[in-house]
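Following: one structure in structure tokens, then a few remarks.
The values are calculated or read from the model by the stated rules, or taken from the named source; none is laboratory data. Note that the structure is a prediction, hence the values are computed from the model and not measured. Note that each Cβ is placed from the backbone with ideal geometry, even for glycine, and that neighbours are counted across all protein chains shown. Quick note on the areas: whole protein, heavy atoms, side chains included, nothing else; ligands and nucleic acids left out. Shrake-Rupley method; radii C 1.70, N 1.55, O 1.52, S 1.80 Å.
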Protein chains: 2
Amino acid sequence: MAKAPVLTPQAADFPRWYQDVINKAELADNGPVRGTMVIRPYGFSLWEQMQQEMNARIKKAGAQNAYFPMFIPQSYLTKEAEHVEGFAPELAVVTHAGGKQLEEPIVVRPTSETIINEYFSKWVQSYRDLPLLINQWANVVRWEKRPRTFLRTTEFLWQEGHTAHASYEDARDYAAMIHRDVYESFMVNMLGISVVPGRKTPSERFAGAINTLTLEAMMGDGKALQLGTSHELGQNFAKAFDTRFLTDTGEREHVWQTSWGCTTRMVGGLIMVHGDDNGLRVPPRIAPTQIVVLAVKDDEAVVAKVREIGRELDAVGVRVVVDDRVDTPFGRRAVDWELKGVPLRLEIGPRDLTAGTGMLANRIAGGKSPVELAALTTVVPQLLEEGQALLLSQSEEHRKARTVDVDSIDEAVEAAATGWARIPWAKLGPEGEETLGEQGVTVRCLVSPDGSVPEADDTPDTLAIVSRAY
Amino acid sequence: MAKAPVLTPQAADFPRWYQDVINKAELADNGPVRGTMVIRPYGFSLWEQMQQEMNARIKKAGAQNAYFPMFIPQSYLTKEAEHVEGFAPELAVVTHAGGKQLEEPIVVRPTSETIINEYFSKWVQSYRDLPLLINQWANVVRWEKRPRTFLRTTEFLWQEGHTAHASYEDARDYAAMIHRDVYESFMVNMLGISVVPGRKTPSERFAGAINTLTLEAMMGDGKALQLGTSHELGQNFAKAFDTRFLTDTGEREHVWQTSWGCTTRMVGGLIMVHGDDNGLRVPPRIAPTQIVVLAVKDDEAVVAKVREIGRELDAVGVRVVVDDRVDTPFGRRAVDWELKGVPLRLEIGPRDLTAGTGMLANRIAGGKSPVELAALTTVVPQLLEEGQALLLSQSEEHRKARTVDVDSIDEAVEAAATGWARIPWAKLGPEGEETLGEQGVTVRCLVSPDGSVPEADDTPDTLAIVSRAY
């Protein structure tokens, strides 16, 4: 029985499939101001799960949460030359407030290095105050020319970490630790995304950084998406804001700093890495709902049973939703849960009660098979972990299958039509990077042949990963 | 041994004492843009605890979190006449973005009724979509003439709930339920504040509401602080934004709505209700740190012992910090924990190890006495609960002792010099309210003689609670 597809098939038009998923799974709407978005409850619950997990990891890394104002005097932005050059074209400016024109225009934060350094310079006195490790969860604004829901929005939500250290080495190591132990670990183990950790080329660095570490993911169509960055800021902002500390030998030195951020863009990445023609597939470890238990039809015993199963699964720590909305046709509900990518769907009808079984649909592995209801509390957690592992291995296989090693710019451009290319950085260099850029292909990051992150831009055997990107 | 006080005594200058606590306990700094604040890690940890607790209660009340853009087209604000009149003087306006002047100025949300109704009118089709229960945690901006840290800041953090219902009664009951079961319950049971629930007079209502329920708390100096409000919006915004639904009899009717919010102002309230001349006193149930275990001096066995005690208390669910910073003088650390209001402080020195005891300072009840280390895991949770109860009863006694029943406006003004006055609303009325207002005294809320919330403005035996307010 052929049904009209709910979504545009991925193969037909991947960007349109992406927008279809966002609409049909009720993840987000476009906001009234161009480039803004309304994050709907289901979309927000994905972000909340990510927040919760990342927040715990960030605290474990020693950083404390705080909150800085979103209004920054325009003069702060201009203190660090590269920073203002990078962000000036994207700023939103408040010129009037309280019914009057302001004496100095105010900028809505595009990021908070400047305002945070103003306070770090007050709070940091001596080496005893270091390292100073701060994080905030906030909204930021960057005026986007080509906005796209979750991936590039004028206002987005993120966490931004800002730290000050006593030495170059301490700052470098902390930026690398966040990159590896917080970001990469979270993306691989929780989001099930086989990200590639690497180093940005000088032209792709954060405005004001001396080094930017990145995590790049391959989307379903072979394009790249940058999922998080961790920056070494050197002493650039410390010099601009005179953030200094008294060393244990009595000298006043500028601090060494890092900043690092992950955004609501991760929701977009999740959709584009794991989604298929039936909708989203959410990794069980961060799924707001891990299993839905459906009453197939309006039957008192069935409704009682699904509620009982709900309680049992909840008691063993499974995030379960009981769907007993028997007024709504079963098929419509099943399609909706499929669209929303809930990992498991257990369907219970009157005949199942006597058999002591139910039909269990596996959104990640695919397929549908009977399951003993008595075994649910052991089977479900096991299937969830299997689903988690499968998503990660599929992501890794997809990335590897679509990555090729090339030796020339022409080959790299050709490869970027369907995936990623790996090319020796020595054969490319900043000039080759520019040539690629003219054809819409960018260097996503630099990596070492063994997969580690190069410690400098000019390490001899460094490879560049190039592709088209969102 | 007389020491110079760290803080201005409350009796000498209460507002200055408040600012001193905020500075010395490192709760917040003033932001660079007038009226904004930087919430420092310890201040933010208080807010995080409140958020976590309230968020759980809000979810239990059936509301789902979402996120709406902070940028609202100016035209939205003007759709509801009272609303724009109330908020226009406080708006911050973005006129330039992305290097260009905008065609339509954008307002930074002072609250989100307008933008949310724009989407409710798309999402709500039939009675099956109701009630629609949404909450968001966000920053909002209201340009304040007389800013004061935490209490009135240009940008503040809050949660705002927005709901749509099929009938007047459903909306009324939901607003009342949030007021009672989420807000009042949280403030009494978690913050230990003996709030008074009441109804705002027409002149004090939220701009656009048909009824505003409030929770008023008495500060240490006898003034009032409004800690949270829950509004019945009637059909005002529904009509302005044409938010309608198809009833089960096939008619298209406007929805009935509520909105409700609590803000970072609660942190200010917490300070001013429970604080004393030695600093903050944090209610144990929301204290980020419930007990600090201090190593009195640099001794290997002592440091090992405090760490061991830390692990033991952590294992029974107590939020504990181990202070083994033996480089810093003991007295300075003790004063700092006192300033920060950590409920219990356990001091361990070398002699305590042989005795198997420690000195336990009780920040809430006051005093310091020896405690058996072997009994800590039972004694500490008990003392924390006792401290929680004590703060609430002190708050209640203070409020009752400083509240008087009066019969005339003159008496009310006199009473408001040191506390609250209760006066029959029939003797005051809107005109008396205006007369009071000219002398800096406001009607905080209307209550019934039995303490319940009156169901209308003109209920015969209604009492008005009047006072000066923050």
When the helices in chain B are scored as -39500 (n - 2.57) per DSSP H run of 4 or longer and the sum is shared across all residues, what 222 nm value do you end up with, to the nearest 500 deg cm²/dmol?
-10500 deg cm²/dmol
Of A:Pro32, A:Pro73, A:Val94, which is farthest towards the positive pole of the stretch A:1-95's charge dipole, taken about the Cα centre with +1 and -1 on the beta-carbons of Lys, Arg and Asp, Glu respectively?
A:Pro32
Need one word for the stretch A:291-383: rounded, prolate or oblate. Basis is the Cα gyration tensor (sqrt eigenvalues a ≥ b ≥ c); a/c below 1.5 gives rounded, then a/b vs b/c decides.
rounded
Taking a label point 7 Å from Cα toward Cβ, how far is B:Lys368 from its twins in the other copies, in nm, shortest first?
7.1
Karplus 3J(HN,Hα) series, Hz, for the stretch A:91-100 with 6.51 cos²θ - 1.76 cosθ + 1.60 (x for Gly, Pro)
7, 9, 10, 8, 10, 10, 7, x, x, 10
Taking each residue of A:70-83 in turn, how many C-beta atoms of other protein chains fall within 10 Å of its C-beta, and what is the average?
2
Rounded, prolate or oblate for the stretch A:13-120? Axes are the square roots of the Cα gyration tensor eigenvalues, ordered a ≥ b ≥ c, and the cut-off for rounded is a/c under 1.5.
oblate
Degrees separating the helix B:425-438 axis from the principal Cα axis of chain B, which is the longest one:
80
For peptide A:61-67, compute the average count of partner chain beta-carbon atoms within 10 Å of each residue's beta-carbon.
5
Can you pull the accessible area of B:Lys100 for me, 1.4 Å probe, Å² to the nearest 10?
140
Taking a 1.4 Å probe, which of B:Glu386, A:Glu434, A:Glu155, A:Glu396 shows the most accessible area, and what order do the others take after it?
A:Glu434, B:Glu386, A:Glu396, A:Glu155
FRET efficiency, 1/(1 + (r/R0)^6) with R0 56 Å, evaluated for A:Arg252 and A:Val321 via beta carbons
0.45
Just to be sure I understand the model, the point goes 7 Å from the Cα along the line to the Cβ. What's the resulting A:Leu353 to B:Asp277 distance in nm?
7.2
Cβ under 15 Å from A:Arg319's Cβ, A:Arg319 left aside: what net charge do those residues give with Lys, Arg +1 and Asp, Glu -1?
0
Net dipole in debye of chain A [+1 Lys, Arg Cβ; -1 Asp, Glu Cβ; about Cα centre; nearest 20]:
1240
Semi-axes of the stretch B:105-223's equivalent ellipsoid from the Cα gyration tensor, sqrt of 5 times each eigenvalue, largest first, rounded to whole Å?
27, 21, 13
In 10 Å bins starting at 0, how do the alpha-carbon pair distances of the stretch A:403-467 split up by percent?
25, 59, 16
Please list the non-local residues whose amide H lies under 5 Å from the amide H of A:Ser126, H modeled 1.01 Å from N, same-chain partners needing a gap of 5 or more.
A:Leu246
With one decimal in nm and the nearest listed first, the spacings from A:Glu53 to its own position in the other copies, using label points 7 Å along Cα-to-Cβ, are 2.9
Pairs of alpha-carbon atoms within less than 8 angstrom and 6+ residues apart define the contacts here; what relative contact order does chain A have, in percent?
14
Hey, got the dipole for the stretch B:291-379? About the Cα centre, +1 on K and R Cβ, -1 on D and E Cβ, debye to the nearest 20?
300
Let me have the relative contact order for the stretch A:291-383, percent, based on Cα pairs under 8 Å that are six or more residues apart.
30
Calculated from backbone phi, Karplus (6.51, -1.76, 1.60) coupling profile of the stretch A:278-292 in Hz, x at Gly/Pro
9, x, 7, 10, 9, x, x, 5, 10, 5, x, 10, 8, 8, 10
Share of Cα-Cα pairs in the protein assembly as shown beyond 48 Å, whole percent, is 29
Inter-chain shielding of B:329-340 (mean C-beta neighbours from other protein chains, 10 Å cut-off)
0
Measuring from a point 7 Å out along Cα→Cβ, what nm distances, shortest first, does B:Pro449 have to its partners in the other copies?
9.3
Hey, what did the stretch A:14-274 get for relative contact order, percent, Cα under 8 Å, at least 6 apart?
20
Qualifying trypsin sites (Lys or Arg not before Pro) in the stretch B:107-180, DSSP loop, other Cβ atoms within 10 Å at most 10:
B:Lys145
Computed over chain B: longest principal axis from alpha-carbon atoms vs helix B:265-274 long axis, angle to nearest 10 degrees, is 50
Peptides ranked, highest mean first, by Cβ atoms within 10 Å: ranges B:219-225, B:410-416:
B:219-225, B:410-416
On a 0 to 90 degree scale, rounded to 10, what angle separates helix A:41-60 from the longest Cα axis of chain A?
50
Here the equivalent ellipsoid of chain A, derived from its Cα gyration tensor, has semi-axes (largest first, whole Å) of 43, 26, 22
Added length on full extension, which subtracts the Cα-Cα distance from 0.36 nm per residue, B:Glu455 to B:Ser203:
89.1 nm
Theoretical FRET efficiency, 1/(1+(r/R0)^6), r = Cβ-Cβ of A:Ala11 and B:Glu53, R0 35 Å, to 0.05:
0.15
Residue (of A:Trp260, A:Gly43, A:Ile106) at the positive-pole extreme of chain A, dipole from beta-carbon charges
A:Gly43
How would the stretch A:14-274 be classified by its alpha-carbon gyration tensor: rounded, prolate or oblate, with rounded meaning a/c under 1.5 and the a/b versus b/c comparison settling the rest?
oblate
What list of ³J(HN,Hα) values in whole Hz, one per residue of the stretch A:177-192 in order, does the Karplus curve 6.51 cos²θ - 1.76 cosθ + 1.60 (θ = phi - 60°) give from phi, with Gly and Pro shown as x?
5, 4, 4, 8, 7, 9, 6, 4, 4, 4, 5, 6, 7, 9, 7, x
